[in-house]
Amino acid sequence: MNPFFLTAAPIETTKTFWEVFVNTDELVGLTINITLLLILGYVVFIFVKKYFDFNSILKSYSAINRKIEEEYDSMMLSKYENSTNPFKKLISKYISSHKDGNKKSIAESQLKNQGDFEMARLGEKLGVLATCSGVAPMIGFLGTTLGMVSVFIGLEGAGTLEIKTISGGILTAMTTTVSGLVVGIVAYVGYNHLVMKLEKIAIEMENISFNLMKNYDKKGEQ
């Protein structure tokens with residue numbers, strides 16, 4: 001037996017992350033964790049909704065761009081005037097402006113304004129993801145700070161160093177840090193992914209606008 005390595009018998013304890021997450025000794029830590037969990041749910045909801053909306057719009061690009069060359073303007077106007085698809089809204093706005101007797105320059109200006117409006121509409125809620133990606137880690141760090149303050153207060157009151165005295169505060173500090181980082185990472189990755197898709201939509205809106213003006217002039221329909 002080696003006298004230099006005397007150890008106590010190990011105590012086996014196994015906890016899931018969820019048990020650690022909800023069973024903090026500090027009410028503040030539990031409140032912060034629940035807040036971050038709610039933020040994560042909202043972030044995921046926004047990302048999933050925007051992801052499917054953007055994919056649907058991108059998939060419609062080729063078919064709509066092809067129809068500009070195949071169909072008459074009057075047919076496209078009647079089909080697209082009540083659509084929520086940004087590509088179809090551009091087409092409807094441009095054709096209706098021409099049919100109202102506006103000059104070509106005015107119609108093109110209205111087409112640009114409609115494009116800007118559609119981009120702003122599609123970009124709604126993306127700012128929420130960007131904000132959450134920065135705020136969530138700070139909320140987690142707030143929990144870390146409060147947890148460590150709790151540790152020092154406990155040590156000051158106890159006068160002696162015991163595991164039970166510091167475990168609650170340290171647990172609060174660690175769980176809130178992890179929660180904040182998870183929410184921040186998910187929000188950051190989701191935001192950048194959606195921004196790339198939105199930029200692609202913007203490029204394809206420009207292509208459709210150019211194709212629309214070119215084919216409308218070629219048909220000569222006023």
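The values are calculated or read from the model by the stated rules, or taken from the named source; none is laboratory data. Every value quoted in this text rests on a predicted model; they were computed, and no experiment measured them. So basically every Cβ, Gly included, is an ideal-geometry build from the backbone, and we count neighbours across all protein chains shown. In case anyone asks, the SASA skips ligands and DNA or RNA and just uses the protein heavy atoms, side chains included. Shrake-Rupley method; radii C 1.70, N 1.55, O 1.52, S 1.80 Å.
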- [ ] Of the numbered conditions (1) modelled with pLDDT under 95; (2) surrounded by fewer than 15 Cβ atoms within 10 Å (Cβ to Cβ), LEU181 fails exactly one; give the number of that condition.
- [x] (2)
Open item on the list: Against the definition (out of contact with any helix residue (DSSP H, G or I) (no Cβ under 7 Å at 6 or more places or on another chain) and within 18 Å of LYS197 (Cβ to Cβ)), how does ALA120 come out, yes or no?
Closed with: yes
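Pick out the one residue from LYS59, LYS93, LYS50, LYS67 that is open to solvent by less than 60 Å² (accessible area, probe 1.4 Å) and assigned to a helix (DSSP H, G or I).
LYS50
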Task: Residue in segment 55-69 that is farther than 30 Å from GLY140 by Cα, touching a Lys or Arg at 6+ places or on another chain (Cβ under 7 Å) and at pLDDT 85 or above present - done: yes
Open item on the list: Looking only at residues that are within 10 Å of GLY29 (Cα to Cα) and of a type in the set (A, V, I, L, M, F, W, C) in segment 133-169, which one is modelled with the highest pLDDT?
Closed with: LEU142
Task: From the options ALA107, ALA120, ALA136, ALA130, residue that is surrounded by fewer than 15 Cβ atoms within 10 Å (Cβ to Cβ) and either closer than 19 Å to PHE47 by Cβ or not basic (Lys, Arg) (or both) - done: ALA120
TODO: Evaluate the following for MET174: is it farther than 26 Å from VAL43 by Cα, open to solvent by 40 Å² or more (accessible area, probe 1.4 Å) and at pLDDT below 85?
DONE: no
